[in-house]
Amino acid sequence: MLPAVRPRRFQRGFSAIEVTIAIVILGIVFMLVLKGAIAVQAMRALLTAYRIQDLQTAVNLYGAELRALPGDDPGAPARYGRPEARVIIDGTPEFLSGNARIDGLLTDTLNSNAETYMAWRDLRYAGFVEGDPGLAGDQAPPENLFGGIYGFDQGNLGQEAGSLCLTKVPGYAAELIDKKLDDGIIDKGKVVATSRFSIDQHNHFSAPDTAGYDVKKTYIICVALRP
């Protein structure tokens, strides 16, 4: 007599309830990750706001001690042994030191001796900013916490008295920085911003954006050179 054959156990799939629970769990995990990313951006924005104020203070201290703006200081070449600052305008080198502004545009790799780059060297030589004062050209600007740079501009986004700018700032963080240092409005006050980015235009634009900050965009934000 043949042994009885046991029926194969039925392999059931996931029930609707189990699928729902799995989706809820995945949603919670996603929200936690998202909140974690937002928290990181918020912390970076707070630290960046303080860093901006530190750099504005460094510019003021340099001016108070040496009676000139960094980069625009006519005594800096002899004092520090660095090249004389110059900017090439229509193919002609111009020496503009001593005119009480940091001449040059935010990103201008063809003008490696522009005052906007020399300013970082002067601040480092004078001990107001950390780093190697020998770094020149587009190697001179320090990195920010968002993978971009801090940079000087003779007056970006309509700021006629000079600008300190940051590139590659995510929209959420850019708005937080604006709120921390100013009014949170993209085209008003001491902090202005644009989502445009153009190497051909040296990331120098005549005016900020008018549409509000967008978390899906990345910004150049600029503050007044002096608070």
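Computed from the coordinates by the stated procedures, all read-outs in this text should not be read as laboratory data. Since the structure is predicted, the reported quantities are computational estimates derived from the model, not experimental observations. Every residue, glycine among them, receives a Cβ derived from its backbone with ideal geometry; neighbour counts consider all protein chains shown.
Tabulated data
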quantity	calculated
Hz values of 3J(HN,Hα) by residue in the stretch 145-162 - Karplus curve (6.51, -1.76, 1.60), Gly and Pro given as x	6, 10, x, x, 10, 8, x, 8, 8, 5, x, 9, 6, x, 7, 6, 8, x
Coil-residue GluC sites (Glu not before Pro) of the stretch 133-188, DSSP, other Cβ within 10 Å capped at 11	E160
Partner lysines for K216 [C-alpha distance under 16 Å; skip if fewer than 8 residues away on the same chain]	K35, K168
Unit Cα scatterers, Debye sum, the stretch 18-224: log10 I(q)/I(0) for q = 0.12, 0.16 Å⁻¹	-0.62, -1.00
Sorted peptide list for 188-195, 209-216, 40-47, criterion being average Cβ within 10 angstrom, highest first	188-195, 40-47, 209-216
Stretchable slack from D54 to R196, in nm (0.36 nm times residue separation minus alpha-carbon distance)	48.5 nm
Under Karplus coefficients 6.51, -1.76 and 1.60, residue-wise ³J(HN,Hα) of the stretch 64-76 in Hz, glycine/proline x	5, 7, 10, 6, 6, 7, x, x, 9, 6, x, x, 5
Virtual paramagnetic centre 7 Å along Cα→Cβ of S206, amide N under 20 Å, in the stretch 103-125	104-107
Separation of the E130 and L47 label points, Cα + 7 Å toward Cβ, nm	1.1 nm
Label-point gap, in nm, between F95 and I38 - each point 7 angstrom along Cα→Cβ	5.6 nm
Vicinal HN-Hα couplings computed from phi for the stretch 83-93 (Karplus, 6.51 cos²θ - 1.76 cosθ + 1.60; Hz; Gly/Pro x)	x, 6, 5, 8, 9, 8, 10, 6, x, 10, x
Packing-based ranking, highest mean first, of 93-101, 52-60 given that Cβ atoms within 10 Å are counted	52-60, 93-101
